[in-house]
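Asker: Sharing a structure, written as structure tokens. Questions coming.
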Amino acid sequence: MAIAVAAVVASCGSRHAEVVHVTDVLHVDGGVLAEGAADTLRLGRMRQGEKAVKRLRIENGCNEPIVIVRHATTCGCVVPEYERRPIPAGGSTDIVFTFDSRGEYGWQMKLLDFYLSSSARPLKIYVEAEVE
């Protein structure tokens, strides 16, 4: 996965900042569909009350289209947004994760499972942050 660079952007009319991260990339191939995979999105340090946004690009390295069928999460503080249409062979799509740190403190590790069509096991994405 590519290393992300963070920038702090103040929200208009809000007293809480939003930490925006550039895109990480995850390549999905036949091995990932057969065995599953896990990866971690690291958001770094943030203050309590901030929202961090991170984009994960899913690249389809398979010979046929894949679809993100559904997802499950361990916490309502991480919300993924993605299109529910097929990702063509050789194509890509983005999942945008928003982590709301309100009510969180200390080291955070949240798990999201993404179920892909033709996949035997879910794609596990861990979202990690240090909330001060």
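A quick yes/no check of all residues on (1) touching a residue at least 60 places away in the same chain (Cβ under 8 Å); (2) crowded, with 17+ Cβ neighbours inside 10 Å; (3) closer than 18 Å to Val28 by Cβ:
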{"site": "Cys62", "(1), (2), (3)": "no, yes, yes"}
{"site": "Pro65", "(1), (2), (3)": "no, no, yes"}
{"site": "Thr98", "(1), (2), (3)": "no, no, no"}
{"site": "Gly103", "(1), (2), (3)": "no, no, no"}
{"site": "Lys110", "(1), (2), (3)": "no, yes, no"}
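Asker: Of everything in region 6-52, what is crowded, with 16+ Cβ neighbours inside 10 Å, modelled with pLDDT of 85 or more and in a strand (DSSP E or B)? Give them in sequence order.
Answerer: Across region 6-52, the qualifying residues are Asp24, Leu26, Val28, Ala37, Leu41, Arg42, Leu43, Met46, Lys51, Ala52.
Asker: Looking at Ala89, Ala120, which is the one that is touching a Pro at 6+ places or on another chain (Cβ under 8 Å) and part of a loop (DSSP other than H, G, I, E, B)?
Answerer: Numbers: Ala120 fails: touching a Pro at 6+ places or on another chain (Cβ under 8 Å).
Going through Ala89, Ala120 in turn, just one is touching a Pro at 6+ places or on another chain (Cβ under 8 Å) and part of a loop (DSSP other than H, G, I, E, B): Ala89.
Asker: If you take the residues in region 67-83 that are under 30 Å from Glu132 (Cα atoms) and of a type in the set (A, V, I, L, M, F, W, C), which one is surrounded by the fewest Cβ atoms within 10 Å (Cβ to Cβ)?
Answerer: Ala72
The values are calculated or read from the model by the stated rules, or taken from the named source; none is laboratory data. Keep in mind that this is a model prediction, so the values were computed, not measured. Using ideal geometry, Cβ is built from the backbone for each residue, glycine included, and neighbour counts are taken over all protein chains shown.
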